[in-house]
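The values are calculated or read from the model by the stated rules, or taken from the named source; none is laboratory data. Predicted model, so just to flag it, every value in this text is computed and none were measured. Because the Cβ atoms are built from the backbone with ideal geometry, glycine has one as well, and the counts that use them run over all protein chains shown. When the accessible area is computed, the model is the full protein with side chains, heavy atoms only, and any ligands, DNA or RNA have been set aside. Shrake-Rupley method; radii C 1.70, N 1.55, O 1.52, S 1.80 Å.
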Amino acid sequence: MPASIPQQRQRQMCDSLSYWCTNMKPWAVVYLLASALVVSAQTPEAAPPAALKPLSPFTIKAAGQLAIGREVMTEKPFSVIGPRGAILGQQDGSYEAWIFPWKILSNMRITAEMKDYPVPIDVNQQAAFLDVQPDHTTITFSHANFTVREILFAPQGAPNGAGVLAVYQIEAVRPMTLTFSFTPEMQRMWPALSDDRPSPEWVKTGESGFYVLHLNAPDHAAAVAMPTARYGILPPYQERPKIYPLQFVLRFDPATDSGKLFPLLMATADSAADAKTAALGGRLQSLNDRFRELQSGNQSYYAKFSGNHLSIETPDQTLNQAFAWAEVAIDQLRVETTPSHAETALVAGFYTSGDSARPGFGWYFGRDALWTLYAVNSYGDYQLTRDELNFLIKRQSPEGKMIHEWAQTADLVDWKNLPYAYASADANPLLLMATNDYLKVSGDTHFVQTNWEALERAWKFECSHDSDGDGIYENTEGSGWVESWPPGMPHQEIYLAALDQQASTAMADLARSTSHNDIAQQAALRASKIGTTIEKEYLLPGGSFYAFSRNANGTLDPSPTIFPAVAAWDGSYQLQHAGPMLDRWAAAEFSTDWGTRDLSPTVAFYDPISYHQGTVWPLYTGWVSVSEYRHGRSLSGYAHLMQNADLTWAQDPGAVTELLSGQFFAPLGRSTSHQLWSSAMVISPVLRGLFGLEWDAAANKLTVTPSLPAQWDKAKLHHVPLGSGDLDLEMTREGTMLVVRATGPSAQQVVLASRAPGAKYSGKLLRIPLPAVEAGLSHALPDPGATTQQMKVIDQQSSASSLTLTLSAVANSHQTVMLRVNDAHIKLRIDGAEAPQQNNSSSYPVQIDFAAGEGYVEKTVKFSW
């Protein structure tokens with residue numbers, strides 16, 4: 001080295017470059033050394049970044065009443081997600097960290113060595129307790145000598161180059177050394193290309209330092225730091241090439257370090273100036289200085305979020321919590337576009353990426369978001385709906401087609417020429433449907449008028465793709481629902497046909513709201529014609545089921561599926577012969593004890609672990625539940641609704657997974673554990689099914705047609721959105737009436753209505769007659785790995801003097817139905833079941849014995865008075 005470089009500086013350069021050089025390409029090493037020598041020889045030595053200090057102790061309080069605390073299930077996932085980053089891991093405390101769109105590190109693990117205790121301890125094996133709250137997740141590692149708490153969060157309003165943070169709270173009896181080991185990644189999210197491996201540099205600051213993760217080009221880098229920690233393995237360049245983990249070695253002495261908090265700080269840079277060591281060091285220092293501010297800001301955000309959006313208060317605390325978690329899980333999937341952060345939109349979901357750069361479906365999907373907007377509209381987050389619709393409209397093709405998916409790194413590749421952007425056809429009708437739903441709830445005609453040209457382009461595109469002349473939108477421009485189908489991809493699915501019908505009705509509403517009356521008439525006429533054509537083309541001989549799809553030559557694929565259920569989604573349309581099909585959906589043929597399969601096991605290509613031919617999706621379960629409620633099948637609708645709600649605790653706490661086996665109660669290995677529309681299918685069946693809400697903001701009218709479970713005496717809804725305000729609803733059983741009261745400042749101008757027979761609205765009270773007798777079901781998911789064993793309610797029929805249930809259960813089993821008598825004056829007779837001899841209570845269990853046989857057997861139970 002030139003004599004002009006001080007010997008101490010030479011040693012610092014060699015130390016800091018040694019690990020970097022180990023994995024770099026030869027030309028890059030030469031370039032690096034030459035650049036370093038020139039800079040060092042010609043410029044004054046820059047002042048090193050200041051040493052980072054541990055944080056003073058502070059209490060991380062709960063953001064509200066919403067929390068999941070339980071013993072860890074080490075092989076199950078967790079997710080901590082925010083607008084600019086995510087921490088995805090297993091409940092043993094290992095994880096990967098993303099600052100979008102970069103995967104910064106993976107396989108974070110901890111080991112401990114204690115004074116006078118000569119055995120290394122794998123700290124992750126000591127994972128004992130998991131505490132999940134909307135604003136942070138804590139994993140507690142418990143050992144006889146120490147307790148370590150790993151606290152993780154993804155802050156709102158994170159500064160540029162940041163997105164996730166961690167902090168470690170340590171208590172110990174004896175001094176110990178904790179080693180935090182991780183794999184440096186620096187991979188861009190799929191599909192953008194990345195360097196094969198980053199080249200780490202240790203930058204010394206005082207007695208500690210931080211890592212800089214360099215790439216071959218100088219305009220991208222990341223930095224990772226832990227105050228007071230030193231580097232671990234750091235092989236010199238002369239050593240044989242081998243991949244080692246990076247390490248932070250932290251010495252903890254309870255006599256001097258108790259109470260200190262040790263943050264793990266991560267920052268990225270996307271320009272050559274920001275990627276300089278001093279600039280990265282400054283970002284780390286800023287994060288350390290602002291740590292408490294970012295943490296408390298995240299806490300405040302979720303406290304306000306929960307307080308400002310619709311919440312439910314029912315006798316079922318499990319459902320209340322699941323509903324609240326579903327709102328949070330959706331909101332956590334708001335992700336800002338990179339690198340500008342100029343837009344916010346919903347991504348489909350997250351799961352650990354393993355060795356890949358695909359963290360579940362952590363990018364933007366049209367149909368996933370549009371199905372979800374029904375839930376978002378329902379709980380009143382108008383801004384999120386507008387953000388999402390604007391995001392999608394901005395990417396509409398010149399012909400009017402809406403996107404299927406848009407990667408976080410789409411701008412770094414020729415995305416539109418890859419086969420993903422416009423791969424599906426259903427985003428077009430869903431755009432019109434979701435926008436119209438937003439209009440009904442919010443009354444925001446200005447948004448519709450502002451975006452009218454885009455809506456009309458989407459409508460014209462939908463109308464123009466009809467090669468066989470039957471007047472219905474086809475799969476010729478992309479997949480309808482299925483992305484693979486063994487008999488061959490369909491020409492036109494009933495799923496797409498049913499959406500086309502509802503989108504036509506939606507377009508009529510949108511056009512009327514903006515005085516495009518000619519288009520409104522055309523769209524309404526088209527909706528009517530499509531409804532008639534579906535009955536003519538899709539109803540199978542015998543009238544017991546609707547076909548899955550129609551081929552170009554007019555023949556049908558008769559495979560029994562749940563896809564006709566979407567016909568009832570908007571509430572504006574129903575299939576005319578749905579009864580026998582609803583019976584089969586409710587039976588064990590389709591209904592497992594954890595949700596509904598999309599395809600009947602009677603079909604030859606049924607496969608319970610495939611993606612589209614027999615698995616259980618909470619999305620399907622939600623579609624079926626809403627359809628059942630709209631067709632008067634409230635018991636099966638409730639059973640399906642609660643299956644989705646109970647999944648909140650089954651895998652990734654607080655979120656609902658993407659799909660599960662159709663045979664055993666277990667998610668698929670690659671199921672995205674924090675899935676957007678799965679959480680939405682907790683909210684929509686509750687509000688649009690169980691509570692029967694329908695909005696008409698233009699008329700300041702709210703329709704309420706509840707089907708309260710028989711076990712409930714009352715229920716409350718807080719902050720129900722309507723137009724520019726909101727109101728509370730209180731539902732109380734009073735003898736043979738359900739009384740609905742609207743309260744709050746906005747309630748004075750609201751008109752309540754109901755589709756229930758005999759309902760009357762007077763004096764700000766909605767009175768809904770109750771049946772003399774109601775039946776109710778309990779709910780619980782089965783044990784992991786179980787097969788379907790629970791009783792199914794295949795049909796329910798009510799009259800003025802009877803309730804008839806068609807039930808199905810495992811042969812020779814004994815089942816229970818809860819009975820509620822609303823009219824104390826009736827004389828009840830039960831056929832097919834046994835009631836307790838002493839039943840003076842208005843509610844009591846009824847035992848039903850099923851006959852011997854194989855598999856599931858049916859039984860009819862009739863309650864007459």
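Summarising the amide proton neighbourhood of Gln492: residues at separation of 5 or more, or on other chains, whose placed amide H is nearer than 5 Å comprise Asn475, Arg550.
Modelled label positions at Ser56 and Ile609, each set 7 Å beyond Cα in the direction of Cβ, lie 5.6 nm from each other. Per residue, the chain reaches -8500 deg cm²/dmol at 222 nm when only DSSP H runs of four or more residues are counted, each adding -39500 (n - 2.57). Here Lys859 is the anchor, and the lysines within straight C-alpha reach of less than 21 Å, apart from those fewer than 8 places off in the same chain, are Lys792. Stretching the chain fully between Lys827 and Lys760 yields a gain of 21.4 nm (0.36 nm per residue, less the alpha carbon separation). The long axis of helix 26-42 is offset from the longest Cα principal axis of the chain by roughly 60 degrees.
Spin-label model, Thr743 to Lys714: label points 7 Å out along the Cα-to-beta-carbon direction sit 0.8 nm apart.
So if R0 is 22 Å, what FRET efficiency would Ser286 and Asn216 give, r being the distance between their Cβ atoms, rounded to the nearest 0.05?
Working: r = 27 Å, r/R0 = 1.23.
That pair, Ser286 with Asn216, gives E of 0.25.
Straight-line reach from Lys416: taking Cα to Cα under 13 Å and skipping same-chain neighbours fewer than 8 places apart, the aspartates and glutamates in range are Glu405.
For the pair segment 707-753 and segment 396-423, the centres of their Cα atoms are 43 angstrom apart.
Hey, which of these cross-link pairs are over 26 Å Cα-Cα: Lys61/Lys276; Lys204/Lys276; Lys716/Lys764; Lys61/Lys304?
Where the Cα-Cα span goes over 26 Å, the pairs concerned are Lys61/Lys276.
Ordering Val616, Ala604, His631 by the projection of their Cα atoms onto the charge dipole of segment 597-661, which places +1 on the Cβ of Lys and Arg and -1 on the Cβ of Asp and Glu, puts His631 at the extreme positive end.
Computed 3J(HN,Hα) for segment 141-150, one whole-Hz value per residue from the Karplus formula 6.51 cos²θ - 1.76 cosθ + 1.60 where θ = phi - 60°, is 9, 10, 9, 4, 9, 8, 10, 10, 10, 9, glycine and proline marked x. Relative intensity of segment 483-542 on a log10 scale, I(q)/I(0) at q = 0.19, 0.22, 0.25 Å⁻¹, equals -0.72, -0.84, -0.95, per a Debye sum over C-alpha point scatterers of equal strength in the absence of solvent.
Rounded to the nearest 10 degrees, the inclination of helix 291-308 to the longest alpha-carbon principal axis of the chain is 10 degrees. Residues Tyr301, Tyr95, sorted by accessible area with the largest first, give Tyr301, Tyr95 [1.4 Å probe; ligands and nucleic acids excluded]. Relative to one another, the C-alpha centroids of segment 845-865 and segment 323-380 are positioned 44 Å apart. Distance between the 7 Å Cα→Cβ label points at Leu418 and Ser296: 4.2 nm.
When you have a sec, figure out the Kirkwood radius of the chain from all distinct Cα pair distances and drop it here in Å to one decimal? Mind dumping the intermediate values first?
Working: mean 1/r = 0.0341 Å⁻¹.
One decimal place: 29.4 Å for the Kirkwood radius.
If you wrap the tightest convex hull around every Cα atom of segment 568-660 and split its volume per residue, you get 99 Å³.
Listed by chain and number, the aspartates and glutamates whose C-alpha is less than 18 Å from the C-alpha of Lys862, apart from same-chain residues fewer than 8 away, are Asp583, Glu774, Asp795, Asp823, Asp831, Glu834, Asp849. The share of accessible area on the chain that comes from carbon and sulfur is 51 percent, using a 1.4 angstrom probe.
Taking a point 7 Å from the Cα of Ser484 along the Cα-to-Cβ direction, the residues of segment 643-661 with backbone N closer than 20 Å to it are 658-661.
Could you list the GluC sites (Glu not before Pro) in segment 461-553 that lie in coil according to DSSP, counting only those with at most 15 other Cβ atoms within 10 Å of their Cβ?
Working: sites: Glu462, Glu474, Glu477, Glu483, Glu493, Glu535, Glu537; in loops: Glu474, Glu483.
Here the GluC sites (Glu not before Pro) that fit, given the DSSP loop and packing criteria, are Glu483.
For the pair segment 139-168 and segment 496-573, the centres of their Cα atoms are 50 angstrom apart. Remark on Trp712: its backbone amide H falls under 5 Å from none of the residues 5 or more positions apart or on other chains, H modelled at 1.01 Å from N. Taken about its Cα centre, the chain carries a charge dipole of roughly 1400 debye when the Cβ of each Lys and Arg holds +1 and the Cβ of each Asp and Glu holds -1.
Let me check something: with ligands and nucleic acids excluded, how do Asp783, Asp468 order by accessible area (1.4 Å probe), largest to smallest?
Asp783, Asp468
For the chain, the residue among Trp695, Ile121, Pro685 whose Cα projects farthest onto the positive side of the dipole built from Cβ charges is Ile121. The slack in the chain from Thr732 to Asn107, taken as 0.36 nm per residue of separation less the alpha-carbon distance, amounts to 219.8 nm.
Applying the Karplus relation 6.51 cos²θ - 1.76 cosθ + 1.60 with θ = phi - 60° to segment 841-850 yields 3J(HN,Hα) values of 6, 6, 10, 7, x, 10, 8, 10, 9, 9 Hz, where x marks Gly and Pro. Among the GluC sites (Glu not before Pro) in segment 794-865, those located in a DSSP loop and surrounded by at most 10 other Cβ atoms within 10 Å of their own Cβ are Glu854. Remark: segment 479-605 carries 33 Å² of accessible area per residue (probe radius 1.4 Å; ligands, DNA and RNA excluded). Residue by residue, segment 853-861 carries 3J(HN,Hα) couplings of x, 10, x, 8, 10, 9, 8, 9, 10 Hz when phi is fed to the Karplus relation 6.51 cos²θ - 1.76 cosθ + 1.60 (θ = phi - 60°); x denotes Gly or Pro. Less than 5 angstrom separates the built amide H of Asp726 from those of Ser746, all sequence-distant by 5 or more or on a different chain.
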